[in-house]
Structures are given as structure tokens and as C-alpha cells.
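Enquirer: Could you have a look at this structure, given as C-alpha cells, before my questions?
The values are calculated or read from the model by the stated rules, or taken from the named source; none is laboratory data. Just so it is clear, the model here is predicted, and its values are computed rather than measured. No Cβ is skipped: glycine too gets one built from the backbone with ideal geometry, and neighbour counts run over all protein chains shown.
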Amino acid sequence: MKRFLILLGLCLILLGGGILGLKFLQPTTFNALMIAFELSPNAKEEKARLDRIKLLAISEEKKRILASKTIFLGASLNMTELALGNPIKVYSYPDNSPRVDRWVYYFADESRPTILEFHDNKLASAYKVSAHKLDLPTSEETTRQELTPATASVPAPDAP
């Protein structure tokens, strides 16, 4: 019985070390396992997001990019929302040709907001601006505004 308990203890130590090693050495695989076994707090939402990405009519490479919460030039508004979530503010210029949409994201680990500019539903550019140049909402809810070019006040990209 004592041998069994020692062997069981060693197995648990190895298993625990293996899981920690997997988390730090292969974070993508670790996260996929956490989602698959619904061990993550938001596993159901993440699984639904990944399922929606799988249904998109795009290449497997682009699906992997979106699944990793990254975007690429040419991504649609829908693809961007699936990858990054809802923006904190949206500026739409529906009367422009091409139609222009600017989405504002404020990522926790960055000090300046990111502006994603879409032309006719395709990501055309991304840039950062100083936070004080934008009138950002205090809540995390998306604020959608329809602006005409004459009343729009989104600043141009900062000069390098």
C-alpha cells in the first residue's frame, strides 16, 4: 500500500509539472485543452467564438490567425469582431466612397488606443493615437455613432 501511495504521489507530481510545462511552453495547446474540457471561466463563449471562425469561408491560415485573437489587412468587420471582440467606440462614415468605418480598441497592456480603419468592410489600416485625443467612453460598452465627414472628429494618425 505504501508503494502505491508513493507511486500515485509521483504520478501526480509529474502530471502537475506536465500541465504547468504545457501552459508555459505550449500556451496555445494548453488554452485549447482548457476550452475543450470547459475548465476556463469563459470556455463556452470562447468555444462559440472558435466555432463561428471555423464556419468562415476563408483559408485555414486566416482562421488560425483569427483564432489567436489577431487580425490581418483585408479582414472584414465581422472577422475583426470575432478576433478582438467589440470595439469601445465606432465611427462610421456611410456617405463616403468607399464607406469608411473606424473602430477604436483600448487594449489593457497598451497605453494608447488602437484605431482600425475599414474601407468598404475590409481592414485597410491600423494606427495608434494619444488617448487624450479621443473622447473615449468610460464604460466598456460599445458606443456607435453615425458621423458625417463634416462633423467627424477622429484625429489623423500621429506623425512618426
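Enquirer: Can you pull out the helices (runs of 4 or more DSSP H) entirely within the stretch 20-118 that have at least 3 residues that are at pLDDT 80 or above and touching a helix residue (DSSP H, G or I) at 6+ places or on another chain (Cβ under 8 Å)?
Expert: 43-54, 60-67, 77-84
Enquirer: Sticking with this one: Looking at G85 and the list (1) within 19 Å of K54 (Cβ to Cβ); (2) in contact with a Pro (Cβ under 8 Å, 6 or more places away or on another chain), which single condition is not satisfied?
Expert: Unmet condition: (2).
Enquirer: Using beta carbons and a limit of 8 Å, which pairs, at least six apart or on different chains, have the first residue in the stretch 53-68 and without any contact (Cβ under 8 Å) to a residue 12 or more places away in the chain and surrounded by fewer than 12 Cβ atoms within 10 Å (Cβ to Cβ) and the second one among the charged types (D, E, K, R) and assigned to a helix (DSSP H, G or I)?
Expert: Going by the 8 Å Cβ cut-off, the qualifying pairs are K54/K63.
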